[in-house]
Every structure is written in C-alpha cells, then in structure tokens.
1. May I ask you to list the aspartates and glutamates whose Cα is less than 20 Å away from that of residue 11, ignoring any residue fewer than eight positions away on the same chain?
2. Summing Lys, Arg as +1 and Asp, Glu as -1, what charge do residues with Cβ under 14 Å from the Cβ of residue 41 carry, residue 41 excluded?
3. Per residue, how much accessible area does the chain show when a 1.4 Å probe rolls over the protein heavy atoms, in square angstrom?
4. Roughly how tilted is helix 33-42, in degrees to the nearest 10 and between 0 and 90, from the longest Cα axis of the chain?
5. In nanometres, what is the gap between the two model label sites at residue 56 and residue 38, each 7 Å from Cα along Cα-to-Cβ?
6. If you stretched the chain out fully between residue 9 and residue 49, how much longer would it get, using 0.36 nm times the residue separation minus the C-alpha to C-alpha distance?
7. Could you tell me which GluC sites (Glu not before Pro) in the range 23-63 are loop residues by DSSP with no more than 12 other beta carbons within 10 angstrom of their beta carbon?
8. Only helical DSSP H runs with n ≥ 4 go in: add -39500 (n - 2.57) per run for the chain, normalise by residue count and round the 222 nm mean residue ellipticity to 500 deg cm²/dmol.
Amino acid sequence: MSRLVLASASKARAALLRNAGLEIEIQPALVDEAVIKTKMLAAGGSPSDIALALAREKSLAISFGVDGLV
C-alpha cells in the first residue's frame with residue numbers, strides 16, 4: 001500500500017489533504033526555506049521553480065528516515 005508523507009509542518013496543507021480524503025503522515029523536513037528561496041530568486045528562479053526546489057529538498061531531507069519511500 002502506498003503512503004503519503006507530507007514533508008511540511010503546514011497545518012493548512014495537512015488539512016487540505018485530509019479534507020480531500022487522503023490519509024497522510026506528517027514528517028516535517030528541517031530545510032532552511034529562506035536560504036533556498038534567496039538563492040533561487042538571485043538566480044532568476046520563477047515561483048514554480050522555487051516551489052519545485054523546496055519540494056525536492058524537503059522530500060530528500062526526509063527520504064532517508066522513512067522506511068518504504070521510493
């Protein structure tokens with residue numbers, strides 16, 4: 001069975017997913033979002049580029065500590 005792990009401490013995101021009927025595990029990633037955003041903005045990154053970079057960094061940060069993630 002697939003697991004959905006939210007790598008964020010955002011209560012709004014968790015509520016959105018739960019209200020959509022999804023069962024989630026919350027595993028906040030310890031990622032310095034401000035540093036990533038600043039670097040991406042300096043490099044001319046778009047909002048979608050920044051969102052993807054944050055998602056990638058958060059998923060990588062938790063992936064080694066959660067069994068069964070692919």
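The values are calculated or read from the model by the stated rules, or taken from the named source; none is laboratory data. Only a predicted model underlies this, so the values are computations on that prediction, with no experimental measurement involved. Glycine gets a Cβ as well: all are built from the backbone with ideal geometry, and neighbour counts include every protein chain shown. Side chains are part of the model used for accessible areas, which takes the heavy atoms of the whole protein and leaves out ligands, DNA and RNA. Shrake-Rupley method; radii C 1.70, N 1.55, O 1.52, S 1.80 Å.
1. Residue 11 reaches 23, 25, 32, 33, 57.
2. On the way: positive: 37, 39; negative: 33, 49.
That sum, taken over residues with Cβ under 14 Å, equals 0.
3. Heavy-atom SASA per residue in the chain reads 76 Å².
4. Helix 33-42 and the main axis of the chain meet at about 40 degrees.
5. For residue 56 paired with residue 38, the spin-label model returns 2.1 nm.
6. Once the chain is fully extended between residue 9 and residue 49, it gains 12.3 nm.
7. Passing both the DSSP loop test and the Cβ count: 23.
8. -16000 deg cm²/dmol, from helical runs alone.
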